[in-house]
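Q: There's a structure below that I have some questions on.
The values are calculated or read from the model by the stated rules, or taken from the named source; none is laboratory data. Remember, it's a predicted structure, so these values are computed and weren't measured experimentally. Note: ideal-geometry Cβ built from the backbone for every residue, glycine included; neighbour counts use all protein chains shown.
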Protein chains: 2
Amino acid sequence: MLKKVLLCGLGGAVALTVGILLGHFGIKQDSTSPECVQDVDESVIAQFLAEVDNNQIEENLRQLTKVPHMATTAGDEETVKYMLKRWQDPDSGLDDAWREEYMVFLSFPDEKTPNRVSVVSPTGNAIFNVSEKEKPYTTDQEDPAVVQPYAAYSPAGHAKGKLVYANYGTMEDYTHLSQTVNLSDTIAIVKYGGAGRPAKAINGALFGVIGVLVYTEPKDINDNEMSDASQTYPHSWYMPPTGVERGSYSFDFGDLLTPYLAAKENTYRIPESDIKGIPPIPTQPIGFLDAYSLICALDGSPAPESWQGAFNCTYNFGGPGFKDTSSFANSDVQMDIYNKGELRNSSNVMGVIRGSVEPDRYIIYGNHRDSWVHGAIDPSSGTAVMLEITRVLGKMVKAGRWKPRRSIVFGSWGAEEFGLIGSTEYAEEYHSKLRARTVAYINVDISVFGNVSLQAQASPAAQSVVLTAAKQVKIPKKDSMSVYDNWIQYSNRTSPTHGIIPNVGFLTGAGSDYAAFMHFLGITSMDISHTYDRRKTNARTYPAYHTAYDTFDYASKYIDPGFTSHQTVARTAGNVLLRLSDSLLLPFNLTDYAESLEQYLNTALTNFGNTLAQKKISMEPLSNAVAKFRAATNRLNELILNSNFIKESPLKARSINDQLMLLERAFIDPTAFPDKYGYRHVIWTSRTSGVPTFPGLADAFDQARKSDLQEDWNQVHRHLSIVTQAIQGAAYTLVDVI
Amino acid sequence: MLKKVLLCGLGGAVALTVGILLGHFGIKQDSTSPECVQDVDESVIAQFLAEVDNNQIEENLRQLTKVPHMATTAGDEETVKYMLKRWQDPDSGLDDAWREEYMVFLSFPDEKTPNRVSVVSPTGNAIFNVSEKEKPYTTDQEDPAVVQPYAAYSPAGHAKGKLVYANYGTMEDYTHLSQTVNLSDTIAIVKYGGAGRPAKAINGALFGVIGVLVYTEPKDINDNEMSDASQTYPHSWYMPPTGVERGSYSFDFGDLLTPYLAAKENTYRIPESDIKGIPPIPTQPIGFLDAYSLICALDGSPAPESWQGAFNCTYNFGGPGFKDTSSFANSDVQMDIYNKGELRNSSNVMGVIRGSVEPDRYIIYGNHRDSWVHGAIDPSSGTAVMLEITRVLGKMVKAGRWKPRRSIVFGSWGAEEFGLIGSTEYAEEYHSKLRARTVAYINVDISVFGNVSLQAQASPAAQSVVLTAAKQVKIPKKDSMSVYDNWIQYSNRTSPTHGIIPNVGFLTGAGSDYAAFMHFLGITSMDISHTYDRRKTNARTYPAYHTAYDTFDYASKYIDPGFTSHQTVARTAGNVLLRLSDSLLLPFNLTDYAESLEQYLNTALTNFGNTLAQKKISMEPLSNAVAKFRAATNRLNELILNSNFIKESPLKARSINDQLMLLERAFIDPTAFPDKYGYRHVIWTSRTSGVPTFPGLADAFDQARKSDLQEDWNQVHRHLSIVTQAIQGAAYTLVDVI
């Protein structure tokens, strides 16, 4: 294998010699140009799968979770050094590894003056204080580096007012509440979920709300009845009563002060007052034990049935304020928030294995390194998997047993929890190079939410390589069953092309570090993990998410005992990685992309067709563009089928691979969404409309139907033209190159 | 040659056979992989140069200028058919040729109700009428298809007011004038030059001006004294007294109703009222004979010395209005403008010669086809040259004597005169494909302004290939002298790297169809032509520019008798084209790019350094980025020097060529200039500041120095970061690929 590599790397003179020898010794003629046709080697994949070791992953996780490693803290620095040590290991490291720093705007509570939330009596006495910390059950929670629960990017400030209950804090929720309750100068308590974190405060402020408390409703995380301290962690995976979900309360991704610019020391920074998409009013997350005390004391009319939760009381709107019959009668809620913004140096750790045939083509595999607390699941379960993949590949490289055809880049991103910052700054700094050369981005953040099944979201181009890998990987303990066969039992869909297949979702949000790659750069991306059985639990995520209970103890006892699901993810994601790095022809499936576009088109025609016809806005150009796209995929598939890449010039495979690699880029339009930072992908950008179709079109349609203003219908037409042009432009890249 | 081509096209099996034969027969070992290393063949270039025929160019021009061919008129359609006939010719045509249509927003005078400009007495009588047409000297001017002089995109409307003289109509001019003259409700007469066409009206309206007349000052076009009808065309190349420069009065390029979208039938169009950058008040161009009558009758104080022109009178500001002693005493100027906007189908004619080794790499060569009237010089001199190039290359292709390594695309653009519309719509429609695959764009619009010397503007990357071609082409009639040696006598500069060389300018504006390629797509572009001796004439351009006198008669008598300068341009531009299409390694010079960036950096440091230091804005990151860029170019040059592309894998040359091709793309930033439509190139975008350096930085600095507002200094800092990131990002693309 390595010999072939060297032949192609060092060039044709050696290759010719091979040719001459073949001539002399009559070796078969159709195996020409072996040096440049390195293809995926199934024996390498088999070797990789065999060497991925669950015990190694467990050990990785133990190392990574020794201390809390919130971005830019001492614990984070320890993980930087650990990653570098591993990737620079002479026996199992990568070809090269280094760190890259950005000076980014983060938000922290004040260590000396903790945030406080109290109930204050009319005489000014604090008669109830919300817990400042989560109750310790293991020594992990007692680590002094555990950060107090807070809402990152909530402003500092003091707010005092009557409490109201506003469900999830959506616009609809506040609108409904405001019909009977005057929200001016109130504090709203809302649940996690239903709307993005910052939206809960941004929406509330529009109604006169002056402070927001956010809690995790037990019904949404603990399967209702499982919320007593005796039933929750450390007795189960459920969230303990004092557990609090931390999080970034920022809408945009990337460093907030340096939009579209990498955050270097001297980079221009916008004034903090110009930051958009963060809470305008003090905001603080609290545990459900405290929420229980507050909500069950609320006065006012009972909230609607759909707003009710698991507490053994009726959830009232609030008078505003508390019941006269409660111990909080006539009292206000007082919030004293001392968060502060700080510029801090955050590191990405980068590592590479150089490609032997096409070093200028990159497969990037990444995950963030920073956590909120110990982050055993989020993100260290992913990092533990990444380190096992690099260990196995690194050993093969160091032993001279293998080199990838293309280069593999590993990224251990910093400051993801604050808004995907490390990966976004990287994408901004290197955008020219990355756009030109990156074949795919594989993201494995939380690798294991639960131990029943694989799950994935991806660009349709990458669906097939994920499924191919899933077919090849066997589930440990169920040796006869493939990941694919297991997966299809838990989540499937009917594809017009393939019939019933595991459901690979679309990457429409900015939930992890794929955002800058997929949405900003237009790089074919995928997000792979293992999950729990959604039919058996209502948990919106694993219950220790962003709490001080997300520890090695928790992960090893309740998420993945034996670490076999971690192993499955490592094998599957590693298999995908190897197919992308080593296949002579990129394993991207164009038919799947056409199918997805047709699905979106049909949904758009069904939902918008009649109305748009009345508005004299034709959807025909869009239909034609999708048909052209389909025809172009057929044409390219045919060309591929009729090619013999072993015999033909290596430039032919390169040319087709360029078409495959750059297809996703064709959907990028920097003018499409001027108000959505970093979102440039016309097909997969985030969408607020409930209609699962082209996001610009769907959201513009929603707006126009609400307002019925001509200028809003114009925007519908504009988005229709934008998506039409993008799909047609993509089709042009797939037909004959000239 | 063709055999090599076929070998690479059909692939390695044949190549291996060659290897085997070599083995058997002992042919030298270092000539491996011949099929993929097709390089530029000097004998092909020599053949091309020999076959370029001045008589053919003359005949092309005669055919192209038979009738006026303003965009979308019957005459334009005739030229479309002529181009197609030529490019589809079985003996000298291209591999393929076709037309592409866009539905674009143009502006025309009303044929039935001509625009009128009059002097109207207090009693309402028109006592003077500006000529509606140019005086005929040949039958050409009598063609009924000659369009009346007008200002395209000036609104229709009626304006009546006292006349004032406002020099060139810049903001400074109006400001100066308004210090002593009340401009409310006045009509301003201004000269061409000094500011863009629409600016003259946009600026004036800010001061209360309600109509604008624009004329060509004889001093600026006819070398002062040469303005009598006996001295001008048809007696010389000078502009006749009734000659009028037509033109587009639009600031933006591309179709004005479909920004960033190709103008197809169903494409979303913005409301006409949303168009920016066109005159808000009626505007009309007039001849200098009429301007003489108006200006010499003006009352008021004498205008400054620098505002005076060639008329034998003092140019006064205007009272406003005319002198009591003149026959126009107390009279107003009345403008009745009937222009109307219309959606019209405009065609590009496209032709290709397919590349044999890398068909997915394009060299685009283009020129517009539409003129204002007969357009012998603008643009048909360029089209005549393009047709001669395609004839010579087409014959070689059809005879099987040659195939380019890369694909060559020819574009005959429509509706350029209205704002580079055809080329811009093409760039918008195919942006994904063009960005990914285009090596270079060569523009030859007006090929011959005059017959003394070549001139060129280009990206620094392309300077060297233009100079190489210029060295190789001999001047007809001066057979011992190269184009290069002639050029250097007329226009030169001192390069730190090369010493004294011909001055290749930068492509900083949007003067012709290179704009969308260079500024919007970031494709290395160049603009080549032949010009007059600027030391011997003050003409701002050739005097018949955009008039009805720009005819075959004019061109053949006064611009290029014998068509040898056309021949020189065809040979030079064709030579450049062949080097770009056929060189194994792209002939782009990185050192020249580094030199240009260093030149801009030094200018910025000199002009802004001290002020920015006081403002605590560091220029060090910019200096560092330029130094990194220089180091990266050295590194890549070294790699190239140490490579043997004949011996090494064809993927190595491809990889380096990708770096060279995509370098220009690295300077594209869609967020840099949100208010400048289509301008995304951080280095070469248009600039209003007089300091020849990075345009965003220079213009922001001008603004900040004027206002001294913190927010404006912030913009300076922002632009500094933008250009720093772009240059550094470009450097990253040039260093080792991983």
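Q: Considering (1) free of Cβ contacts under 8 Å to residues at least 12 places away in the same chain; (2) more than 20 Å from residue B:427 (Cβ to Cβ); (3) not small (Gly, Ala, Ser), say which one residue A:670 fails and leave the rest.
A: With (1) free of Cβ contacts under 8 Å to residues at least 12 places away in the same chain; (2) more than 20 Å from residue B:427 (Cβ to Cβ); (3) not small (Gly, Ala, Ser) applied to residue A:670, the lone miss is (2).
Q: Can you work out which of the residues in segment A:318-347 that are among the polar types (S, T, N, Q) and touching a Lys or Arg at 6+ places or on another chain (Cβ under 7 Å) is farthest from residue A:436 (Cα to Cα)?
A: In this case the residue turns out to be A:334.
Q: Being of a type in the set (Gly, Ala, Ser), more than 22 Å from residue A:192 (Cβ to Cβ) and either at pLDDT below 95 or buried (at least 23 other Cβ atoms within 10 Å of the Cβ) (or both) is the filter here, so list the residues in segment A:246-304 that pass it.
A: A:254, A:262, A:263
Q: Regarding segment A:212-235, can at least one residue be identified that is small (Gly, Ala, Ser), in a loop (DSSP other than H, G, I, E, B) and farther than 24 Å from residue A:333 by Cβ?
A: yes
Q: For the condition within 14 Å of chain A (Cβ to nearest Cβ) and not charged (D, E, K, R), what is the one hit in B:601, B:605, B:590, B:639? Before the answer, list the steps.
A: Working: B:601 fails: within 14 Å of chain A (Cβ to nearest Cβ); B:605 fails: within 14 Å of chain A (Cβ to nearest Cβ); B:590 fails: within 14 Å of chain A (Cβ to nearest Cβ).
Step by step, each of B:601, B:605, B:590, B:639 is checked, and only B:639 is within 14 Å of chain A (Cβ to nearest Cβ) and not charged (D, E, K, R).
Q: So, residue A:681, is that one more than 8 Å from chain B (Cβ to nearest Cβ) and touching a residue at least 12 places away in the same chain (Cβ under 8 Å) or not?
A: Yes: the conditions hold for residue A:681.
Q: Just to be sure, is residue B:716 facing another protein chain (nearest Cβ under 10 Å), among the β-branched types (Val, Ile, Thr) and in contact with a Phe, Trp or Tyr (Cβ under 6 Å, 6 or more places away or on another chain)?
A: yes
Q: Could you please give the count of residues in segment B:185-196 that are in contact with a Pro (Cβ under 9 Å, 6 or more places away or on another chain) and either surrounded by fewer than 20 Cβ atoms within 10 Å (Cβ to Cβ) or at pLDDT below 95 (or both)?
A: Residues flagged as in contact with a Pro (Cβ under 9 Å, 6 or more places away or on another chain) and either surrounded by fewer than 20 Cβ atoms within 10 Å (Cβ to Cβ) or at pLDDT below 95 (or both) within segment B:185-196 amount to 1.
Q: Considering every residue within segment B:209-225, establish whether at least one is at pLDDT 95 or above, within 14 Å of chain A (Cβ to nearest Cβ) and in contact with a Gly (Cβ under 8 Å, 6 or more places away or on another chain).
A: No, every residue in segment B:209-225 fails to be at pLDDT 95 or above, within 14 Å of chain A (Cβ to nearest Cβ) and in contact with a Gly (Cβ under 8 Å, 6 or more places away or on another chain).
Residue-by-condition table, conditions (1) over 18 Å from residue A:354 (Cα atoms); (2) within 14 Å of another protein chain (Cβ to nearest Cβ):
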{"site": "A:427", "(1), (2)": "yes, yes"}
{"site": "A:441", "(1), (2)": "no, no"}
{"site": "A:454", "(1), (2)": "yes, no"}
{"site": "A:462", "(1), (2)": "yes, no"}
{"site": "A:468", "(1), (2)": "yes, no"}
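Q: Before we move on, is residue A:117 over 28 Å from the mean Cα position of the chain (by Cα) and buried (at least 18 other Cβ atoms within 10 Å of the Cβ)?
A: Here the answer is yes, as residue A:117 does meet what is asked.
Q: Out of (1) within 8 Å of chain B (Cβ to nearest Cβ); (2) touching a helix residue (DSSP H, G or I) at 6+ places or on another chain (Cβ under 7 Å); (3) over 27 Å from residue B:354 (Cβ atoms), what's the single condition that is false for residue A:670?
A: (2)
Q: Okay, moving on. If you go through segment B:695-713 one residue at a time, how many are polar (S, T, N, Q) and more than 14 Å from chain A (Cβ to nearest Cβ)?
A: Residues meeting the conditions: 2.
Q: Do any helices (runs of 4 or more DSSP H) entirely within segment A:576-684 hold 3 or more residues that are acidic (Asp, Glu), and if so, which?
A: A:590-614
Q: Any idea which of A:509, A:505 is over 17 Å from residue A:571 (Cβ atoms) and either modelled with pLDDT of 95 or more or touching a Pro at 6+ places or on another chain (Cβ under 7 Å) (or both)? If you could, list the steps in order and put the result at the bottom.
A: Values: A:509 fails: either modelled with pLDDT of 95 or more or touching a Pro at 6+ places or on another chain (Cβ under 7 Å) (or both).
Of the residues listed, the single one that is over 17 Å from residue A:571 (Cβ atoms) and either modelled with pLDDT of 95 or more or touching a Pro at 6+ places or on another chain (Cβ under 7 Å) (or both) is A:505.
Q: While we're looking at this one, here's another question. Please go through segment A:444-475 and pick out each residue that is in a helix (DSSP H, G or I), out of contact with any Pro (no Cβ under 9 Å at 6 or more places or on another chain) and surrounded by fewer than 23 Cβ atoms within 10 Å (Cβ to Cβ).
A: A:471, A:472
Q: Residue A:430 fails exactly one of the following numbered conditions: (1) touching a Phe, Trp or Tyr at 6+ places or on another chain (Cβ under 7 Å); (2) of a type in the set (Phe, Trp, Tyr); (3) surrounded by 24 or more Cβ atoms within 10 Å (Cβ to Cβ). What is the number of that condition?
A: In the conditions (1) touching a Phe, Trp or Tyr at 6+ places or on another chain (Cβ under 7 Å); (2) of a type in the set (Phe, Trp, Tyr); (3) surrounded by 24 or more Cβ atoms within 10 Å (Cβ to Cβ), residue A:430 misses (3) alone.
Q: Give the residue that is surrounded by the most Cβ atoms within 10 Å (Cβ to Cβ), with candidates limited to residues of segment B:719-738 that are more than 7 Å from chain A (Cβ to nearest Cβ) and not in a helix (DSSP H, G or I).
A: B:735
The rows are residues; the columns are (1) within 14 Å of chain B (Cβ to nearest Cβ); (2) modelled with pLDDT of 95 or more; (3) within 30 Å of residue A:338 (Cβ to Cβ).
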| site | (1), (2), (3) |
| --- | --- |
| A:3 | no, no, no |
| A:15 | yes, no, no |
| A:24 | yes, no, no |
| A:95 | yes, yes, no |
| A:105 | no, yes, yes |
| A:109 | no, yes, yes |
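Q: Identify, please: which residue in segment A:240-270 is within 14 Å of chain B (Cβ to nearest Cβ) and hydrophobic (A, V, I, L, M, F, W, C) and is, among those, nearest to residue A:223 (Cα to Cα)?
A: Out of the qualifying residues, it is A:257.
Q: Just give me the residues in segment A:484-534 being free of Cβ contacts under 8 Å to residues at least 40 places away in the same chain and basic (Lys, Arg), in sequence order.
A: Within segment A:484-534, A:493 is the sole residue that qualifies.
Q: Let me ask you something else. For residue B:273, only one of the following conditions fails: (1) in a loop (DSSP other than H, G, I, E, B); (2) small (Gly, Ala, Ser); (3) more than 8 Å from chain A (Cβ to nearest Cβ); (4) out of contact with any Pro (no Cβ under 8 Å at 6 or more places or on another chain). What is its number?
A: Failing condition for residue B:273: (1).
Q: Mind listing just one residue for me: the one in segment A:262-316 that is charged (D, E, K, R) and in contact with a Gly (Cβ under 8 Å, 6 or more places away or on another chain) and, of those, farthest from residue A:150 (Cα to Cα)?
A: A:299
Q: On to the next question. Would you check which residues across segment A:213-242 are of a type in the set (Ser, Thr, Tyr) and either touching a Leu at 6+ places or on another chain (Cβ under 8 Å) or crowded, with 18+ Cβ neighbours inside 10 Å (or both) and list them?
A: Answer for segment A:213-242, where residues must be of a type in the set (Ser, Thr, Tyr) and either touching a Leu at 6+ places or on another chain (Cβ under 8 Å) or crowded, with 18+ Cβ neighbours inside 10 Å (or both): A:215, A:216, A:227, A:232, A:233, A:238, A:242.
Q: Out of curiosity, is residue B:629 closer than 18 Å to residue B:606 by Cα, among the aromatic types (Phe, Trp, Tyr) and either more than 10 Å from chain A (Cβ to nearest Cβ) or without any contact (Cβ under 8 Å) to a residue 24 or more places away in the chain (or both)?
A: Considered against the rule, which asks whether it is closer than 18 Å to residue B:606 by Cα, among the aromatic types (Phe, Trp, Tyr) and either more than 10 Å from chain A (Cβ to nearest Cβ) or without any contact (Cβ under 8 Å) to a residue 24 or more places away in the chain (or both), residue B:629 comes out as no.
Q: Pull up segment B:608-623, narrow it to residues that are without any contact (Cβ under 8 Å) to a residue 40 or more places away in the chain and within 12 Å of chain A (Cβ to nearest Cβ), then point me to the one that is farthest from residue A:650 (Cα to Cα).
A: Ranking the candidates gives B:616 first.
Q: Okay, moving on. Conditions first: (1) away from chain A (no Cβ under 13 Å); (2) surrounded by fewer than 23 Cβ atoms within 10 Å (Cβ to Cβ). Residue B:582 passes all but one, so which condition is the exception?
A: So the condition that residue B:582 fails would be (2).
Q: Quick check on residue B:327: is it more than 14 Å from every other protein chain (Cβ to nearest Cβ), among the hydroxyl-bearing types (Ser, Thr, Tyr), assigned to a loop (DSSP other than H, G, I, E, B) and more than 30 Å from residue A:697 (Cα to Cα)?
A: Considered against the rule, which asks whether it is more than 14 Å from every other protein chain (Cβ to nearest Cβ), among the hydroxyl-bearing types (Ser, Thr, Tyr), assigned to a loop (DSSP other than H, G, I, E, B) and more than 30 Å from residue A:697 (Cα to Cα), residue B:327 comes out as yes.
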